[in-house]
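The values are calculated or read from the model by the stated rules, or taken from the named source; none is laboratory data. Quantities reported herein were computed from a predicted structural model and do not represent experimental measurements. Cβ sites come from the backbone with ideal geometry, for glycine too, and all protein chains shown count toward neighbours. With ligands, DNA and RNA removed, areas are computed over all heavy atoms of the protein, side chains included. Shrake-Rupley method; radii C 1.70, N 1.55, O 1.52, S 1.80 Å.
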Amino acid sequence: MKVKIELFGASREFSKNNLIEFNVSNNIKIKDIREEMMKYLDQNFSGNENYKKIVKSSAFCSQDNKIVSDNYKITENEKIGIIPPIGGG
Amino acid sequence: MLHTKIIDIKEKKISLKEAEEFISSSDYGASIYFTGTVRNQNNNKSVIGITYDSHDDLVLKSFKEIYEETEKKLNIQNKAVFIEHAKGYLNLGEISIIIAIACKHRDQAYLLSRYVIEEIKKRSPIWKKEHYTDNQSDWLKGNPIIHEKN
């Protein structure tokens with residue numbers, strides 16, 4: 001199934017499209033998406049450690065705008081947001 | 001009474017006048033305007049501007065939650081709160097956030113104003129990318145949002 005990851009803050013540097021799409025197996029969870037993102041960074045940014053730190057320290061939000069845990073099950077075509085550490089105002 | 005909005009800076013600027021109109025009422029005897037503006041120095045670097053990014057839906061949700069919880073946490077029932085945050089590129093001195101508060105008494109107004117900005121800093125998904133005089137730019141390190149347990 002396809003999962004879209006919408007990028008915010010520092011994670012926008014991961015793609016010019018502000019979005020990364022993964023083809024993954026069914027019943028995938030947020031923790032699996034973290035791993036997919038790590039692989040993506042290995043492949044596209046030579047494993048940039050600063051970028052990996054962003055993924056490790058980020059929360060994720062579901063399509064209905066809830067911050068979800070690593071055990072959250074993602075549904076097909078769901079758009080997930082990656083929420084890096086925040087600091088506005 | 002609550003007003004919240006994310007202002008896309010390409011479309012309009014944040015306006016203190018609108019904040020004043022919203023909180024103005026003879027019900028309240030104390031009002032406070034807090035503005036955050038872009039300053040020219042941070043971490044020994046010369047800043048020329050900041051790009052603000054936000055997850056709009058989550059930010060507005062967090063503003064509402066912060067407003068609603070002040071009733072119990074601060075015991076302030078009767079209040080007007082106006083919160084607007086900018087999104088996009090801001091030059092030095094431009095306003096990134098307005099928090100306008102009106103309450104019956106000044107102690108409530110000071111308390112509420114401080115509470116709202118501190119909670120926004122902790123909880124609202126807003127990010128800053130600073131731009132420097134040497135043409136470099138950096139996303140500022142922030143505080144992780146706490147993951148839910150389940």
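At a glance:
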read-out	value
Within the stretch A:41-56, tally of residues that are over 22 Å from B:ASP138 (Cβ atoms) and either open to solvent by less than 80 Å² (accessible area, probe 1.4 Å) or acidic (Asp, Glu) (or both)	1
Residue ranges of strands (runs of 3 or more DSSP E) in the stretch B:1-82 with at least 2 members of a type in the set (Gly, Ala, Ser)	B:30-37, B:45-54
Residues of the stretch A:19-34 classified as within 26 Å of B:LYS129 (Cα to Cα) and open to solvent by 60 Å² or more (accessible area, probe 1.4 Å), total	1
Subset tally (residues that are assigned to a helix (DSSP H, G or I) and within 14 Å of chain B (Cβ to nearest Cβ)) for the stretch A:1-48	10
Members of the stretch B:69-94 found to be open to solvent by 10 Å² or more (accessible area, probe 1.4 Å) and among the polar types (S, T, N, Q), listed by number	B:ASN75, B:GLN77, B:ASN78, B:ASN91
Number of the exception - A:GLU76 against (1) touching a residue at least 40 places away in the same chain (Cβ under 8 Å); (2) more than 12 Å from chain B (Cβ to nearest Cβ); (3) open to solvent by less than 70 Å² (accessible area, probe 1.4 Å)	(3)
Residue check, A:ILE67 within 7 Å of another protein chain (Cβ to nearest Cβ), open to solvent by less than 10 Å² (accessible area, probe 1.4 Å) and either closer than 22 Å to B:TYR52 by Cβ or touching a residue at least 12 places away in the same chain (Cβ under 8 Å) (or both)	no
Of all residues making up the stretch B:95-114, the number that are surrounded by fewer than 16 Cβ atoms within 10 Å (Cβ to Cβ) and either in contact with a Pro (Cβ under 9 Å, 6 or more places away or on another chain) or more than 29 Å from A:ASN65 (Cα to Cα) (or both)	5
Residue in the stretch B:125-134 that is open to solvent by less than 30 Å² (accessible area, probe 1.4 Å), within 22 Å of B:THR70 (Cα to Cα) and touching a residue at least 24 places away in the same chain (Cβ under 8 Å) present	yes
